[in-house]
Amino acid sequence: MSNLKVTIRDDSGRECPIENIRTFQKHLQLFHKTGVSIHDENGHYFTVDDSFRKKVDDLVRGLSD
């Protein structure tokens, strides 16, 4: 099984560990599917827009490579 933990930068530029990027991606698909919204991950804030969703999708896709 591949390691699903990644680190991404929040809106303030601070590194935020994501324990399971696939679970994170599924959350975005359920609750932040369209438009622009703010996601709070343990005190780290992310502006979720099409660009951010693509970034997460690319990270997940990279796990399969």
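The values are calculated or read from the model by the stated rules, or taken from the named source; none is laboratory data. These figures come from a predicted structure and were not determined experimentally. Reconstructed Cβ throughout: ideal geometry from the backbone, glycine too, with neighbour counts over all protein chains shown.
Below are the figures for this structure:
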read-out: Selection within region 43-65 - in a loop (DSSP other than H, G, I, E, B), at pLDDT 95 or above and closer than 18 Å to Lys5 by Cα; value: Gly43
read-out: Matching residues in region 6-19 - criterion: being in a strand (DSSP E or B) and among the charged types (D, E, K, R); value: Arg9, Glu15
read-out: Enumeration of residues in region 20-35 that are surrounded by 11 or more Cβ atoms within 10 Å (Cβ to Cβ) and part of a loop (DSSP other than H, G, I, E, B); value: Asn20, His32
